[in-house]
Amino acid sequence: MKICRAFFTVFFLLVAFEARLFCQEEPVQSEDDGGQPELISEGETVENTELSKEEENPEAACLSFIDSLKRIRLHETSEDYFLAGQHSSDGRRLVNGANGKFTRRYYDNDFRLEKIEYWKQGESSAQSVMERLLQFNPENSSGIHSTFEKNFSEKFERRSFYYSDGRLKSERKNYFDDDGKLLSFDALSISYDKSLRAVQERLQKYKVNKKSVLLFSDELRVSKYGKNVLEESLYYKNSVLRVRTLYQNFEKGDYVRTTYFDGGIIVREFYRDNVKVDSTIKNGGVHEN
């Protein structure tokens, strides 16, 4: 049976982005085959190649390379693939992909995730482009760990700090132009109460000029609790109250949301079971239904 051509450029996915691999009914292990990458660790051998039992349907057929320890090193279908990377002194790597994109994950020797790369696969290694990078940093002495994301396609980078239990502490996001020049950045900070509930979130947005940094947006969200239930939330924009929500029953979705507009216009919306049932408008002292 003929099996569809498999993904190419596996070697550059895993090691140096130099070789191509094609679906075959028999595994090719010789280095004289045009540079097929070594998919196994030192001291192991590729024992066999197993085809799926769906051979009567070529589109559903899959291909698996198994090493001498019966571990899958490569598994491929007509839609996606999974490649188990080589073990090295600094950890392991895993690659999976579909639809012209692939993801490569790096783990340390304790199988803790260290880094993820998101790629758009091209016709050659030179044409393959990394679209996004995500790095994980371990906890420091204060119990805070962080992540760093660089998005090449959307031209921003973000560093986030977390408590050991996973709660987000703070975050900064930088935006760049096509030449890599910093245009603006956002700074987010979150405060928690003794019950570990977020009671205040502040998002400040800055523009970067040639000689100055300008704060152009300051958003503050405040949550107030009573008897372990959310009773009120407030939203301020540049120190002006814009939205106030009072909960009669937070769990049932019964609340009144009041929005304050410039010019003295006030809109109140009444919700029951999270569905708006009524609203009023106050405009210059006149109430309108």
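The values are calculated or read from the model by the stated rules, or taken from the named source; none is laboratory data. Predicted, not measured: the structure shown is a model, and the values here were computed from it. Cβ sites come from the backbone with ideal geometry, for glycine too, and all protein chains shown count toward neighbours. These area figures cover heavy atoms from the full protein model, side chains too; ligands, DNA and RNA do not enter into them. Shrake-Rupley method; radii C 1.70, N 1.55, O 1.52, S 1.80 Å.
Of note:
- Among (1) at pLDDT below 90; (2) in contact with a Pro (Cβ under 7 Å, 6 or more places away or on another chain) - the single one residue 145 does not satisfy: (1)
- On the stretch given as the stretch 170-219, residues that are free of Cβ contacts under 8 Å to residues at least 12 places away in the same chain, under 27 Å from residue 231 (Cα atoms) and in a strand (DSSP E or B) total 1.
- Residue that is nearest to residue 108 (Cα to Cα), among those in the stretch 137-179 that are open to solvent by less than 70 Å² (accessible area, probe 1.4 Å) and of a type in the set (A, V, I, L, M, F, W, C): 148
- The requirement of being among the polar types (S, T, N, Q) and either surrounded by 12 or more Cβ atoms within 10 Å (Cβ to Cβ) or at pLDDT 95 or above (or both) is satisfied by residue 238.
- Odd one out for residue 254, checked against (1) open to solvent by less than 70 Å² (accessible area, probe 1.4 Å); (2) closer than 19 Å to residue 198 by Cβ: (2)
- Restricted to the stretch 107-136, and to residues there that are touching a Ser or Thr at 6+ places or on another chain (Cβ under 9 Å), of a type in the set (Ser, Thr, Tyr) and surrounded by 14 or more Cβ atoms within 10 Å (Cβ to Cβ), the residue that is nearest to residue 84 (Cα to Cα) is 118.
- For the stretch 266-281, the set of residues classified as in a loop (DSSP other than H, G, I, E, B) and either polar (S, T, N, Q) or at pLDDT below 95 (or both) consists of 274 only.
- Scanning the stretch 89-100 for residues that are within 20 Å of the chain's Cα centre (by Cα) and either within 19 Å of residue 155 (Cα to Cα) or surrounded by 12 or more Cβ atoms within 10 Å (Cβ to Cβ) (or both) turns up 93, 94, 95, 96, 97, 98.
- Of the residues making up the stretch 121-146, just one is of a type in the set (Asp, Glu) and free of Cβ contacts under 8 Å to residues at least 12 places away in the same chain, namely 123.
- Qualifying residue in the stretch 222-229 (condition: of a type in the set (Gly, Ala, Ser), surrounded by fewer than 16 Cβ atoms within 10 Å (Cβ to Cβ) and closer than 30 Å to residue 258 by Cα): yes
- Pair list, Cβ under 6 Å, 6 or more apart: the stretch 246-260 residue over 9 Å from residue 271 (Cβ atoms) and without any contact (Cβ under 8 Å) to a residue 24 or more places away in the chain, other residue among the aromatic types (Phe, Trp, Tyr) and open to solvent by less than 60 Å² (accessible area, probe 1.4 Å): 247/255
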